[in-house]
1. I'd like the residue in segment 126-142 that is farther than 18 Å from P36 by Cβ and surrounded by fewer than 15 Cβ atoms within 10 Å (Cβ to Cβ) and, out of all such residues, is modelled with the lowest pLDDT.
2. Please work out which one of (1) modelled with pLDDT under 85; (2) surrounded by 15 or more Cβ atoms within 10 Å (Cβ to Cβ); (3) of a type outside the set (A, V, I, L, M, F, W, C); (4) not in a helix (DSSP H, G or I) is the condition T38 fails and give its number.
3. Output the number of the condition that G50 fails; it satisfies all remaining conditions of (1) at pLDDT 90 or above; (2) on the phi > 0 side of the Ramachandran plot; (3) within 17 Å of the chain's Cα centre (by Cα).
4. Could you tell me which numbered condition S139 fails, if it satisfies all but one of (1) out of contact with any strand residue (DSSP E or B) (no Cβ under 8 Å at 6 or more places or on another chain); (2) closer than 18 Å to N44 by Cβ?
5. What's the total number of residues in segment 4-35 that are under 25 Å from Q106 (Cβ atoms), assigned to a loop (DSSP other than H, G, I, E, B) and either touching a Gly at 6+ places or on another chain (Cβ under 6 Å) or at pLDDT below 90 (or both)?
6. Go through segment 132-144 and give me each residue that's in contact with a helix residue (DSSP H, G or I) (Cβ under 8 Å, 6 or more places away or on another chain) and in a helix (DSSP H, G or I).
7. Quickly run through segment 109-125 and pick out the residues that are at pLDDT 90 or above and small (G, A, S).
8. When you scan segment 114-124, do you find a residue that is among the polar types (S, T, N, Q), part of a helix (DSSP H, G or I), farther than 25 Å from A30 by Cβ and touching a Ser or Thr at 6+ places or on another chain (Cβ under 8 Å), even just one?
Amino acid sequence: MLGWKGSPIETLHPIEFYYELFTQGKIKIARKMKGPITIQDPCNLVRLAGGSEKLRYLIQETCEDIVEMYPNREHNFCCNAGGGGAAIGPPWKGNRVEGNRIKAEQIKETGAKYICTPCHNCYTGINDILKGYNLDVKSKFMDEIIVETMEIPEELKVRE
């Protein structure tokens with residue numbers, strides 16, 4: 001769009017950035033999140049960028065009880081919210097949710113209490129599905145999970 005074939009600066013998906021921080025020892029985990037938790041594989045991260053194993057590494061480092069959806073990784077069903085589809089309001093939101101019954105069934109079959117949705121569009125799309133199908137599952141961004149489980153260095157702790 002701006003006349004470049006590629007970006008003039010390096011860009012990373014947040015999952016790739018968190019993976020670097022974890023593998024370089026810059027983030028340490030103090031406790032693991034109780035589960036069970038399942039994973040929404042975002043199309044842009046998994047199908048486009050091949051990031052499914054980095055995402056799973058982070059989930060395994062931060063969560064105790066991981067339940068995979070089937071199918072998963074690049075074969076996982078889409079959340080139907082990508083490419084800005086999540087921003088489409090009534091009446092299309094209802095059609096989008098109704099048309100994604102298979103995703104609701106996929107989530108329900110895991111028995112998970114949580115679903116990691118590491119993409120903003122997925123987060124919105126999955127929450128629409130959870131509400132639309134009355135599923136008792138809480139959606140969480142990967143950064144929420146990291147913050148809840150990470151070790152806070154002494155110099156960063158709030159002092160009285």
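The values are calculated or read from the model by the stated rules, or taken from the named source; none is laboratory data. Note that the structure is a prediction, hence the values are computed from the model and not measured. Note that we place each Cβ from the backbone using ideal geometry, even for glycine, and neighbour counts take in every protein chain shown.
1. That would be K131.
2. In the conditions (1) modelled with pLDDT under 85; (2) surrounded by 15 or more Cβ atoms within 10 Å (Cβ to Cβ); (3) of a type outside the set (A, V, I, L, M, F, W, C); (4) not in a helix (DSSP H, G or I), T38 misses (1) alone.
3. Among (1) at pLDDT 90 or above; (2) on the phi > 0 side of the Ramachandran plot; (3) within 17 Å of the chain's Cα centre (by Cα), the lone unmet condition for G50 is (1).
4. All conditions pass for S139, except number (1).
5. Of the residues in that region, 2 qualify.
6. Correct list: G132, M142, D143.
7. Hits for segment 109-125 are G111, A112.
8. no
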